[in-house]
Each structure stands twice: as C-alpha cells, then as structure tokens.
Amino acid sequence: MAVWGDDVSVDEAALVRALPPMLQLLGPSSGPTQQELLARMQEVVEAAVTVLRVDSVGLILLDEDDRPRVAAATNESAWDLEQAQAEYGEGPGIDSLRTGEPVAVDDLSEADDYPRLREHLAGTEVRAVLSSPIRVNQSIVGNFNSIVHEAHDWTMAQRRANGAYADVVGLALRVSAAAAKADETVERLRGQSALSGDTQRWEKSVERGASGAECEPSPPRRTGTPHDR
Amino acid sequence: MLADEMNVIHYVAASDGQGRLLEKAEAGTMEGPCTEAFVHGRIIATSDLSTETRWPAFRAAVAGAPELRAVLGVPVKLGATPVGTLDVFRDRPHEWTESEREALARYSAVVQAHLSSALAAHRAGEEAAQLQYALDYRVIIERGVGYLMARDHLDAVAAFNALRSASRNSRTKIGQVAEQLLSTGELPTER
C-alpha cells in the first residue's frame, strides 16, 4: 500500500519486507547506548556542513525549563556563536525559537538587532547565519544554525534546505528519544520478570534439558479451575 | 530503495512521481545505477541516461520519462552491509561533481543513523510487548501448569512443555492456552 504526503509516497509493504533483514544486521544487543545515540546525533550534525555546503553548523536545544542550551557545534566559532546567543538571549537562533520562523542574517557585523552578539563576535570568522526552528511533534525544541564565514545573501533554496535539515534533526531527536524510552521500558519489565520467575525458570530448564526437580512450583491452585466444578 | 530478505531491493519511498518511476524501473529490471550502487556498495553516477549504455533494460523501462536524465545512487549501509540505496536525479544532463557525490554520501550516513536508531526502537518495543505479555499472563500460565500437574500427574517442566506444545500446535499464545485450560479443563489440542 502506498502512503502519500504532499508529493512523497511510501510503499509500506516494501518497508515491512525490509525490516527483518535489517533487524538481523543490528545484532543481538538490545537498545542503543547513550553513547551510540550521541554518536548518531553527532553524525547528523557533522554531515550538515557537507550536505548544506556551509562552513559550520550549531545546534541549540531547550532544556526542561525552556532555557536555550548549546547542544552541538562543528567547530569552535560555531560553539562560540551558540553560547553567546544562549548567554545574551539575543541572536537569529533566539528569534527563531521565539517566532518559530527561520531567521537569516547576511552579515552579523552589521546586524543592529543584535548589538551584544555583534560586539561579542567582532573579529571572529562568524558572519552570515541562517537559523531554523527544530520541531518534535509540532513543538519547538531548539534551533539549527548554519554559518558562513563571509557576508552572504542566503538564497531561497538555502533557506528551504536549512529548514528541511532542521526537520531531519528533529526526526533524529524523536527517534533517539523513542529508542531510549523503549529500552528503558524493556529494562523495567526485565526487572519485574526477574522478580517472579517460575515460568521463566521452567523455560530455562526446558531449554537446558534439565529435570523439573530443581524448580518445583507451588502446588496447583484449585480455586476457579474446572477441578472445583 | 531497501532490500528484502532475499536481498532484492524494492522501491520504498520517493519524493515525487519521477523518482518513484526511477525506483520501480530499477526494481523491475534489476539493473541501473541504484541497483549497481547496492550490489557494489559504492556511489554510481550517470550523467545522461539518454546516452547510457550500461543498463539497456533499465534505459528502455524509463524511456517514457524524459525528465529522468542524470542519476546518482549511493548505498545505505547498516554496519558494513548495504541494505538499500539513496538516489537522486536531475531532469537534464549533469556531470555530478565531487562535492555533490560527497554530500549525498554524507546524507546517506544520516539516513543510516536514523535507521539504526529506529530499528533499535522497533526491536526494543517488540521486546517490551513480549515481556509485558509474559508478565500479564505469568500467573495464568503458572496456574495452568499447576492444573496439568494435578490432572495428569506431571512434574512442573513436563506440564509446562504440554502447555507449550499445545500452544505451538494450535498456533495460540501460551497464555491464551492456559486461560482456555483453566476455563474448560481441556487443552485446545484435546478437543
């Protein structure tokens, strides 16, 4: 069955057929570790420089108190930009967070809207910045900033691409959160089943071919069984 | 495009009708730049399909789509194994530059990162469902085992095996088999 969204179509049946071999390749381990999730997020951010053909990118995410925090940057100057925005509460990224719209600055050294940021970054290589909001389930959770080291007139194609990449980052965040949450649930349920266990012990002893003597269960309950009728 | 269990790649998603046609023609003829990218695990490019000689069947299959001219296919891998391809096209002849090839390869790595996390989430979700099922039915299964022990003078393992065997033979989950045993006094296979 094909699923359509705008012009995009997805063949669900083919996707389902592709799942088993991919799951097999994933190996026997359970959910991804925190390090693996971070490494994948780093991959997504680093790839943006090549994909979008910019000099660097930075990522700001909102914390649980809705304060902007620098989450990633591909080089020192990008990190500096993000940190300054978070600290001063001004900049294209902050405006993008506030309005939910992309914000383009062609030349930060002439950006009168951001005097503290402009002063802070004077003499650095950060010049043109394009900020797009990152959404997870329609909520703004951060922003994605592309940086060019010279004054630059951001084209419509670049604005669209930056927004699309911000969506990719949002998807990465959502998938990572889902993976971490599912793994947490597995751990909790494993803990609960380890607490009980007759059935589990029987399963294991059957697998080992052991006798049942070592895992004798409690006597059969009679209440509610056909024996009582 | 993604591969199935027989390692045959199928069209899975496309951004538009032409892209869909490209992928379906590749899957149908089992040749073309994307198929080759999957088989060899490396980037494959063609600058103009109208003059391309490497894939005659594929070229014939897309002959009715003059918008499909330049194609670039990169493998999508899990670990080191190709599991599919990510493909782009242009509607005019185009020599793919090194930076375009590199950009698509990096974007393929992003797709791989997404796939890995999504698959891990999928598997953890399935495992959670199985564990939850086992927990929900634990007491019922234990009661079913106890019932069989008393009824058939079995030890615990033999009784559990009887439940499990009835579950397999009737293609019913073991918890439901135990539930039926407790309500009717019979295993589904004893009817």
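On C-alpha positions alone, give me the angle between the axis of helix B:174-184 and the longest principal axis of chain B, in degrees, nearest 10.
Value to nearest ten degrees: 30.
Shape call for chain B from the C-alpha gyration tensor, a ≥ b ≥ c root eigenvalues: rounded (a/c under 1.5), prolate (a/b greater than b/c) or oblate?
It comes out prolate by the Cα gyration axes.
Amide H neighbours of B:Ala65 under 5 Å, counting only residues 5+ apart in sequence or on other chains, H built in-plane at 1.01 Å?
none
For peptide A:36-46, what's the mean number of Cβ atoms from other chains within 10 Å of each residue's Cβ?
Per residue, the average neighbour count from other chains is 4.
Taking the 0 to 90 degree range and rounding to the nearest ten, how far is the long axis of helix B:17-29 tilted relative to the main principal axis of chain B, both from C-alpha atoms?
70
Taking each residue in A:185-191, count the Cβ atoms of any other chain within 10 Å of its Cβ, then average. What number comes out?
5
If you take the square roots of the eigenvalues of the alpha-carbon gyration tensor of the stretch B:18-57 and sort them as a ≥ b ≥ c, do you get rounded (a/c under 1.5), prolate (a/b over b/c) or oblate?
rounded
Under a Cβ-only charge scheme (Lys and Arg +1, Asp and Glu -1), can you give me the dipole magnitude of the protein assembly as shown about the Cα centre, in debye to the nearest 20?
Roughly 2120 debye, rounded to the nearest 20.
With just the Cα atoms defining each centre, how far is the stretch B:97-112 from the stretch A:36-63? Give it in Å.
14
Can you give me the angle between helix B:156-170 and the longest principal axis of chain B, using Cα atoms only, in degrees from 0 to 90, rounded to the nearest 10?
50
Rg and Dmax of the protein assembly as shown over Cα atoms: what are they, in angstrom?
Rg, Dmax (Cα atoms, Å): 28.5, 90.
Using θ = phi - 60° and the Karplus curve 6.51 cos²θ - 1.76 cosθ + 1.60, what whole-Hz ³J(HN,Hα) does each residue of the stretch A:169-180 get, with Gly and Pro shown as x?
3J(HN,Hα) across the stretch A:169-180, in whole Hz: 5, x, 5, 4, 5, 5, 5, 4, 5, 5, 5, 5.
Any read-out appearing in this document is the output of simple, stated calculations on the displayed coordinates, not a laboratory observation. Just so we're clear, the structure is a prediction, and the values are computed from it rather than from any experiment. All Cβ positions, glycine included, derive from the backbone under ideal geometry; neighbour counts span all protein chains shown.
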